[in-house]
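Below: the structure, in structure tokens.
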There are 4 protein chains.
Amino acid sequence: MSGSSSGKMFKIVTFGESHGKAIGVVIDGVKSGMKISGSDIQKELDRRRPGQSRVSTQRRETDKVEILSGVFRGKTLGTPICLLIRNKDVNSKDYEKLKNIFRPGHAGYTYLKKFGIRDYRGGGRASGRETAARVAAGAVAKKILRKKKIKIIGHAIEIAGVKAKKFDAKEIEKNPVRCADKKVAKKMEQKIISAQKTGDSVGGIVEIIAKGVPVGLGEPVFEKLDAKLAGALMGIPAVKGVEIGAGFGAAKMKGSQDNDPIRGVKGKIKFLSNNAGGILGGISTGQEIVVRIAIKPTPSISKEQKTIDEKGKNRKIRVLGRHDPCIVPRVVPVAEAMVALVLVDALKKQKMREGK
Amino acid sequence: MSGSSSGKMFKIVTFGESHGKAIGVVIDGVKSGMKISGSDIQKELDRRRPGQSRVSTQRRETDKVEILSGVFRGKTLGTPICLLIRNKDVNSKDYEKLKNIFRPGHAGYTYLKKFGIRDYRGGGRASGRETAARVAAGAVAKKILRKKKIKIIGHAIEIAGVKAKKFDAKEIEKNPVRCADKKVAKKMEQKIISAQKTGDSVGGIVEIIAKGVPVGLGEPVFEKLDAKLAGALMGIPAVKGVEIGAGFGAAKMKGSQDNDPIRGVKGKIKFLSNNAGGILGGISTGQEIVVRIAIKPTPSISKEQKTIDEKGKNRKIRVLGRHDPCIVPRVVPVAEAMVALVLVDALKKQKMREGK
Amino acid sequence: MSGSSSGKMFKIVTFGESHGKAIGVVIDGVKSGMKISGSDIQKELDRRRPGQSRVSTQRRETDKVEILSGVFRGKTLGTPICLLIRNKDVNSKDYEKLKNIFRPGHAGYTYLKKFGIRDYRGGGRASGRETAARVAAGAVAKKILRKKKIKIIGHAIEIAGVKAKKFDAKEIEKNPVRCADKKVAKKMEQKIISAQKTGDSVGGIVEIIAKGVPVGLGEPVFEKLDAKLAGALMGIPAVKGVEIGAGFGAAKMKGSQDNDPIRGVKGKIKFLSNNAGGILGGISTGQEIVVRIAIKPTPSISKEQKTIDEKGKNRKIRVLGRHDPCIVPRVVPVAEAMVALVLVDALKKQKMREGK
Amino acid sequence: MSGSSSGKMFKIVTFGESHGKAIGVVIDGVKSGMKISGSDIQKELDRRRPGQSRVSTQRRETDKVEILSGVFRGKTLGTPICLLIRNKDVNSKDYEKLKNIFRPGHAGYTYLKKFGIRDYRGGGRASGRETAARVAAGAVAKKILRKKKIKIIGHAIEIAGVKAKKFDAKEIEKNPVRCADKKVAKKMEQKIISAQKTGDSVGGIVEIIAKGVPVGLGEPVFEKLDAKLAGALMGIPAVKGVEIGAGFGAAKMKGSQDNDPIRGVKGKIKFLSNNAGGILGGISTGQEIVVRIAIKPTPSISKEQKTIDEKGKNRKIRVLGRHDPCIVPRVVPVAEAMVALVLVDALKKQKMREGK
């Protein structure tokens, strides 16, 4: 009921507050007999982990994952898998000072109004830290997808207005902003650092590509693949927009431009363009799935801002502490995880349709 | 399992093919004792109905709704409400000719690959006609929202690249394109007609505003209000993008610009801007909720296009028949319905949280 | 939310009041390409239909089913199937007289307290008539099961304290009480008629056997096969108890008696007894599944009873009109339908587990 | 998907194997601001804990619960509550010897056939140990119910054929068999011990009474209160039957006996009997809810039994180790927990119906 569950076939429920004892996830729906190890999950968590570079927060969490259930001698049992990550580097002091003041652009105000109580330390449940549990679950989903030859690639295509011009997948994990264009990555990094120096922050756009997705995934009407992707991605903290294929650009096209022509080439079906982003009628076409998400600048900035306190009194605030001046690079593995979760769920649904 | 269900508290399931006997919806979750009449629903169906103007399809469906259950002497019983709309003006002839050829930009290809069978007549279940059932359910949702003083306004803000410059809510239903800017509406209409003359089609952008939404709607993590809206809206046929508040524009802003300052004004809380689009941390702020969706140009065009037939052979196609040269105006009531369904579901969840 | 949905993979939602326009069901989860016709469904509805014999109600409903969607040229499309049954022989007169008085043993009191409104005509949504929609859905489920060589047999094993002593499956549909013991069937019929003559009614026990169920159906913990069967069967109107295998008898056994010994016989696994009723740890063993349900006597009797009216005033009541003096025979097809729905859902879940 | 989730409004998911690292539960749906402490949960866990008396297993688990999330300074946040219980006294040695042999009456065979893999140590996920997580969740549910003046009492009414004759609620927790009849409790205890001496085990019947349940809980058709209770209780390991009110006895009654007469007494509504067990039409009447469950004798016995091994070869088995000779007393708190979970879920649903 508090919205922490997702998926129907590959079902997950996450839990945990930023400065509580732990965060974690229970995954219900992994088939039995699959090899899985802590390192499968750890390597994805390490990509999301804070403190990776000077453009991310300096909170020092090792984010070590513990597999509590559902795995027996390295293989899944087909029963729920609980993954636990203890919170270690909890420094609630900065939050004590600001505990009665709402940080603009943050969920503190809405959480207090909704729940009548809030764990103000580090944002509580509304913290981006919650996404570590998604990444852990996503790592399991990715493992399943790899066996089906499905690969998900996320990368920053725009930061602080600077756009990538090239796409070289090998570059993505080599630079701190996760941009597939080596040169542009440098510029993006500089933009972030200079914003940070003025006590400000910047946003950007992440693109996620899913390769190898078979034709036929997605269910009509309310569980279309694009609808599921949009819901999953918009639910990532700081995301304000989602588009598939030509996206908002399609609104300006004519039908004769936007429609992807289809050709039979040596017995294989080929679409001559991919404005659809790999989805027609909510069902995958077998082309690459291409999704982009808009990420707002981090709301925690040290510049002075107008706000109110819990009593409604006007106040000024400077949010100090350890914050990402740009969250875009760390959103990349989270967005990949969400896409992986959606695809595994869709695969399982389609599997049930097929066969006898 | 075929994805035709939506909502948790205000749960709906839709059914029906475009050229089958009927389409309809069962709503499970309306409280008892609420007044409801056929005309409450009919007036919304009439806004979506085909044949309204020369910029929409000429299929002549009266879309008369019949309430089959759940209502006793004008009041809801608290049991499932089934709303039925018989298909009347079914002309499957045009489809017989093209039944083995895939229309580019349409779901015929993906449906056949997914299901191994398809009702090619009028797009079957993938037809936009399916949205009439959503509008019927949305009419019930709107009735509930009105009692809470929540109002939803949808309007076309861009068609064929032409953008609205003014907002006068009273104008929306007075022009065939549902634009709140009278002058611009004319230009939009002309753009549609001239595209149609060349056998082509155009797309656009619809904005939906929800006024009067109380603070506190939306559930953390996976059922955030923006996530739910994005999923619901992306699932409307032809929608390729969704953004909330500043949306993709937020990606280019600095934190100091994007954060909405908060002020206490005479005991009331006021946000000095609304880049958040009325949602922070996935929970409504009490400001207006503002969402925009990108709609692709109608894929059914009479211009010749490259495609294949069911055997994979290369073919040319001209899609004749009765099609909307621009679906944007008719998407407006559908988008409003989807927003209404999401808000009612969120309201009911929040209601359960409150009180003792 | 009003509880009219059931199943996860083979999902149904039913609707309709006893004296409303129609009752029906939407089935979401039938795979595509399956042959289905009205007569597949009609033949099951005819088994449940009122007016079959002198031991059932004389309401004359033909219960003709109309397939509104999801089927194209005799084959399923994989989209929702809506089955509609119009109410024809509605005689609300008898109910008008008693509309303010609660019938003991009926849901009128609880419905009014719950909903604040009730359709008193024929019991409204609480009427046994609602089960026709379950039987219609069950007919589709049975068709799927038959292809897997799974067969469901229901029969009356006790009526008015008279117990069946033999089991001859061929006899069941030949006598009006659906007893597999020809001689005992006669006695049961007499007991019903003599109770009716005194203005009274009787109850009994129905047994349902599922043959051919493969080992492995049912999910651990909360979705065990026996848990699902118990929930599904207890939800049938008038059912007050459910037991599996040795059932309540197991409470009196020793472990050494109750445990079913296992033997390997010519490469096949055989249980030497079936006290488990075909289910161990909530998962089918491959033996016959055996379930029994206790059915209370019909509460509508013409004998005078003490009750109150809507204002809380003490009243006497004699319930006249067309009522079954014993509902047991007509519960048989309903119970079979519920077992079929549970098994199809479990089969689909297990299917998703298997394979790659 | 593996069936470890339950509830719609008060949603839980449990995880953990008997000899794995831990077992636990995530509860999603507790409202914010409720006081909750570890001791609220611990006291219920202590009632289910092994090693309580000489009629229960001697496995020494302290079952200490840790609250990992969802609680901030003693109050619920409205976010998921994760409760963790580490497994301590794990002795897998006895299981190593029998790991390839199926224990009759146990889930080992069905689990292996279903999943293709099983954690044979202590029954893995099929172990009764899994119910500790249910009891932990049930403790939270009970806390909510107490605030509504709803009380749940479970007690053994029959063990090894010996029936309780008196009901004195104060006696229940004073004797090791949890019988409300002090004298009979002694006899029950002796019966258990003498069965154990012969290497055998016994079963019994538990009754659960819910006092103070308001009229109106339960949803029509598939989510009737009795259907939900039956499903929840039949899913407890070893339960083979469930009955409500007069239960199987109702099958032998006449309508004039079974119907509970209703009287208005000083402005209050009173039922003169409670054959309905507090539920009519699936909705609570405001009377006590009375449910009984049949529990089979513990399948783990040291008497020699016929069985097979994993290769299908015929074998003899004596199950040694630490087993309850009668599980009935320890089922009592588990059954109470399941009833509490069902009632809280129903309360929340009804709450959503009421009000504006």
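The values are calculated or read from the model by the stated rules, or taken from the named source; none is laboratory data. Predicted model only: the values in this text are computed from it and were never measured. With ideal geometry, Cβ positions are generated from the backbone for all residues, glycine too; neighbour counts draw on all protein chains shown. Calculation scope for accessible area: heavy atoms of the full protein, side chains included, ligands and nucleic acids excluded. Shrake-Rupley method; radii C 1.70, N 1.55, O 1.52, S 1.80 Å.
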Quiz item: How do the strands (runs of 3 or more DSSP E) wholly within region A:188-271 filter down when requiring 1 or more residues that are open to solvent by less than 20 Å² (accessible area, probe 1.4 Å), facing another protein chain (nearest Cβ under 7 Å) and touching a residue at least 24 places away in the same chain (Cβ under 8 Å): which remain?
Solution: A:204-211, A:239-244
Exercise. Specify which of the listed residues (B:Ala169, B:Ala164) is exposed (fewer than 15 other Cβ atoms within 10 Å of the Cβ), of a type in the set (A, V, I, L, M, F, W, C) and farther than 14 Å from A:Met253 by Cα.
Key: B:Ala169
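Table: residues versus (1) farther than 30 Å from B:Lys270 by Cβ; (2) out of contact with any helix residue (DSSP H, G or I) (no Cβ under 6 Å at 6 or more places or on another chain); (3) not small (Gly, Ala, Ser).
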{"position": "A:Asp258", "(1), (2), (3)": "yes, no, yes"}
{"position": "A:Ile262", "(1), (2), (3)": "yes, yes, yes"}
{"position": "A:Lys268", "(1), (2), (3)": "yes, yes, yes"}
{"position": "A:Thr307", "(1), (2), (3)": "no, yes, yes"}
{"position": "A:Lys349", "(1), (2), (3)": "yes, yes, yes"}
Quiz item: Which numbered condition trips up D:Ile41, out of (1) assigned to a helix (DSSP H, G or I); (2) free of Cβ contacts under 8 Å to residues at least 60 places away in the same chain; (3) open to solvent by less than 10 Å² (accessible area, probe 1.4 Å)?
Solution: (2)
Self-check item: Residue identified as out of contact with any Asp or Glu (no Cβ under 8 Å at 6 or more places or on another chain) and not polar (S, T, N, Q) among A:Lys182, A:Lys174
Solution: A:Lys174
Quiz prompt | Complete set of residues in region B:19-38 that are surrounded by fewer than 23 Cβ atoms within 10 Å (Cβ to Cβ), farther than 23 Å from D:Glu223 by Cα and touching a residue at least 60 places away in the same chain (Cβ under 8 Å) | solution = B:His19, B:Lys21, B:Ala22, B:Ile36
Quiz item: Only one of (1) part of a helix (DSSP H, G or I); (2) within 14 Å of chain B (Cβ to nearest Cβ); (3) modelled with pLDDT under 95 is not met by A:Arg118, so which one is it?
Solution: (1)
Quiz item: Across region C:1-18, which residue is nearest to the other protein chains (Cβ to nearest Cβ) among those that are open to solvent by less than 10 Å² (accessible area, probe 1.4 Å) and not in a strand (DSSP E or B)?
Solution: C:Gly3
Quiz prompt | Any hit, region A:119-128, residues being polar (S, T, N, Q), touching a Leu at 6+ places or on another chain (Cβ under 8 Å) and either under 28 Å from A:Phe10 (Cα atoms) or open to solvent by less than 10 Å² (accessible area, probe 1.4 Å) (or both) | solution = no
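What do you reckon, is A:Lys142 in contact (Cβ under 8 Å) with a residue 60 or more places away in the chain, surrounded by fewer than 22 Cβ atoms within 10 Å (Cβ to Cβ) and of a type in the set (D, E, K, R)?
No.
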Quiz item: Within region A:284-299, restricting attention to residues that are surrounded by fewer than 24 Cβ atoms within 10 Å (Cβ to Cβ) and over 15 Å from the mean Cα position of the chain (by Cα), which residue is nearest to the other protein chains (Cβ to nearest Cβ)?
Solution: A:Gly286
Quiz item: What number of residues in region D:68-87 are touching a residue at least 12 places away in the same chain (Cβ under 8 Å), open to solvent by 30 Å² or more (accessible area, probe 1.4 Å) and either within 8 Å of chain A (Cβ to nearest Cβ) or assigned to a loop (DSSP other than H, G, I, E, B) (or both)?
Solution: 2
Exercise. Taking D:Val135 as meeting all but one of (1) buried (at least 19 other Cβ atoms within 10 Å of the Cβ); (2) within 7 Å of another protein chain (Cβ to nearest Cβ); (3) within 26 Å of A:Arg86 (Cβ to Cβ), write down the number of the exception.
Key: (2)
Quiz prompt | Yes/no for A:Gly51 being in contact with a Lys or Arg (Cβ under 9 Å, 6 or more places away or on another chain) and within 14 Å of chain B (Cβ to nearest Cβ) | solution = no
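Please verify whether A:Ala180 is crowded, with 18+ Cβ neighbours inside 10 Å, touching a residue at least 24 places away in the same chain (Cβ under 8 Å) and within 14 Å of chain D (Cβ to nearest Cβ), treating the condition exactly as stated.
no
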Quiz item: Given the residues D:Lys93, D:Lys99, D:Lys75, which is the only one that is modelled with pLDDT of 95 or more and basic (Lys, Arg)?
Solution: D:Lys75
Self-check item: Residue that is farthest from D:Gly138 (Cα to Cα), among those in region D:19-38 that are aliphatic (A, V, I, L, M) and in a loop (DSSP other than H, G, I, E, B)
Solution: D:Met34
Self-check item: Residues of region B:102-115 satisfying the condition of being open to solvent by 30 Å² or more (accessible area, probe 1.4 Å) and not in a helix (DSSP H, G or I)
Solution: B:Arg103, B:His106
